[in-house]
Ligand SMILES: Cc1cc2nc3c(=O)[nH]c(=O)nc-3n(C[C@H](O)[C@H](O)[C@H](O)COP(=O)(O)OP(=O)(O)OC[C@H]3O[C@@H](n4cnc5c(N)ncnc54)[C@H](O)[C@@H]3O)c2cc1C
C-alpha cells in the first residue's frame, strides 16, 4: 500500500469514527423524562394529528389522555347535520392509500393502529373536472386513465405526460427512502442529508423549485400546464410560489394509491380513532380546553384545563398551531429566542371561505356525474388566487364538491343533493364588527354560488336551496384555533417546505398538526401524528 493510500484509508476511518461517536452521542442526548406522572402522554387536540399520535402511542402500551375543546372529535374532519342533510366539514379526497393498493404511506399506519378495521374507505369515482376559458376536462383517479385523457386532448405532448408521471413516481420513491430521517440521531441525519444529492436525486433537484418550474420543465402547452397543476387549489398557494415537492408527492399518491373518501363522512374516521384509543385503554375527553402546559425546570410535567384541573404526564403532544403552543400553552419565556424568531419569520398559508348547500334537486339525475369540479375564472392560478385573497369571489376559482355523487347515501335522501363550495380566503378580509361580518358573508356567499353556477346552472335558482350556510376563516379559527383559520399550516413554498419539526425546544413536548413536517391534509396530518408518537417511542426505547 502506498503512503498516499494509507493516509486516505486512515482519513476514511477517522471520518467513520467521528460519525459513530456523533451517532452514539446523538442518541444518548435524547433523554427520557424522569418525573412520575398519571399519564405517559397527554395529547392536546383531537384533530387528525392528535388522534393518530394517541392511537400509535396507545397501541404500543402508552397510557394516553386526549383533550378536545369541541364536543366532538375530528377538528376539520367532522360532520354536521341540517335537517335531512349531512355535511362533511372538510374532506374532498384523502391521499395516502387505502385497501388493496401499494402498502406505503398512510394506510400502512392505519393498519398499524387497527383503525383500518373501524372504517370503510372507498375511492372517489372521478379525480377532478377542470374548467377554465376554452377548457373543460374530466380526469380519472389513476395514472392510466389520467394520462390517456390528457393524451387524447394533447397528443403532441404524449411523451411529456409520461415524463411527468416518471418524475412524480421517482420523487415519491425518494421521499419513502427519507421517511425515517426525522428519527435519526445527529450524525446519521447529517450523513443522510449529505448523501441526498447522490441518492435522492429527484428530490434534490426539485426541493427548491415551484410547481410552475415543474410544469415548464414537463410541458409546452399552457392549457395542459393549467389542467395538470389544477390541484394547486388543494395545497395553499398559486403555482409559481407552491413547492413542487408536495404537488408531485400528492399527485403520485392520488394516482397510484387512490383518492379516498370515508363511508359515513370523515367524522367516521375521527370516531374510529377515538373508539380504538379507548379500546386500548386510552381516554378521550371532549369539551375540555387546555389552557396551559406546566413547565418545571425546563420540562413539561402536565397541563391545566379551562376548569382549573391539573393533569400530569411524562410527554405532551400538541395538535395545535405552533403559535398557540409557544405563546399561550408553553409561554414565550420558556422558548428560546431563536425558535420564536424562526416562527415569526415563517409565512402561514391562506385560509378558506365556502358554502354548504342542501339542494332540493338530484344533480346526478340532472346529468352531473362528477364529484369534484374546479371552476376557474382565469387559466392563470395567480390571477384566480389574487382575486380570492382580495375577497373578489366572483372572479376567482371555486372547488365544487357534489357529495351525493360519491355514492354514499349518508349525505341526503333520494332526490336531493349536498354540494360544498370552497375558495381561498384570508381572515383580514372579514370585518370584526358582527353586523358588518354577517352582511359581507351573505353577500360573498351569493357571489361564490353565482361563480359555481357557471358549471351548475341549477345553482342560479333560489328555489333549489333548502340549506345555504357559509363559513369563513373566522369559522375555522373558532373551531380549530388555527391562527387566521389557516388550514394548510405554513405556506408550502420552496423556502419553507420543511415547515416546523415535530420536536420543540421543550424536549418532552412534540407537535403534530398541519404546521409540521409531514405537511397538511387529512392523510399528512395522520403521518404527523405517527411521527410525534414515533419520536416518543424511540425516546422510550420501544420499537
Ligand atoms: C373546508 C376544508 C376542506 C379541506 N379539504 C381537504 C381535502 O379534501 N383533503 C385533505 O387531505 N385535507 C383537506 N383539508 C385540510 C385538512 O382537513 C386538515 O389539513 C387536517 O384535518 C388538519 O388536521 P390537524 O391534525 O392539523 O388538526 P385540526 O383539524 O386543526 O384540529 C385541531 C384540533 O385541536 C383542538 N384544539 C386546539 N387547541 C386546543 C386546546 N387548547 N385544547 C383542546 N383542544 C384544542 C381543536 O378544537 C381541533 O379539534 C380541508 C380543510 C378544510 C377546512
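The values are calculated or read from the model by the stated rules, or taken from the named source; none is laboratory data. From a predicted model like this one, the values you see are computed outputs, not experimental measurements. Every residue, glycine as well, gets a Cβ built from its backbone with ideal geometry; the counts of neighbours run over all protein chains shown.
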### Message
Among the listed residues 359, 352, identify the single one that is within 23 Å of residue 430 (Cα to Cα) and touching a strand residue (DSSP E or B) at 6+ places or on another chain (Cβ under 6 Å).
### Response
352
### Message
Checking the conditions here, which among 429, 418 is touching a strand residue (DSSP E or B) at 6+ places or on another chain (Cβ under 6 Å) and in contact (Cβ under 8 Å) with a residue 24 or more places away in the chain?
### Response
418
## Note on the structure
Restricted to the stretch 489-530 and to residues being part of a helix (DSSP H, G or I) and over 14 Å from the mean Cα position of the chain (by Cα), the residue nearest to residue 248 (Cα to Cα) is 494
#### Entry: strands (runs of 3 or more DSSP E) enclosed by the stretch 262-335 - at least 3 residues per element that are within 12 Å of the ligand (Cβ to nearest atom)
290-296, 299-305, 310-318
### Query
Across the stretch 447-476, what is the total count of residues that are over 20 Å from residue 131 (Cα atoms) and more than 10 Å from the ligand (Cβ to nearest atom)?
12
### Query
Is there a residue in the stretch 467-475 that is without any contact (Cβ under 8 Å) to a residue 60 or more places away in the chain and more than 27 Å from residue 204 (Cα to Cα)?
yes
### Message
Which condition from (1) surrounded by fewer than 24 Cβ atoms within 10 Å (Cβ to Cβ); (2) closer than 20 Å to residue 115 by Cα; (3) touching a strand residue (DSSP E or B) at 6+ places or on another chain (Cβ under 6 Å) is the one that residue 532 breaks?
### Response
(1)
### Task
Evaluate the stretch 395-403: report whether one residue or more is farther than 30 Å from residue 494 by Cα and either at pLDDT 95 or above or within 15 Å of the ligand (Cβ to nearest atom) (or both).
yes
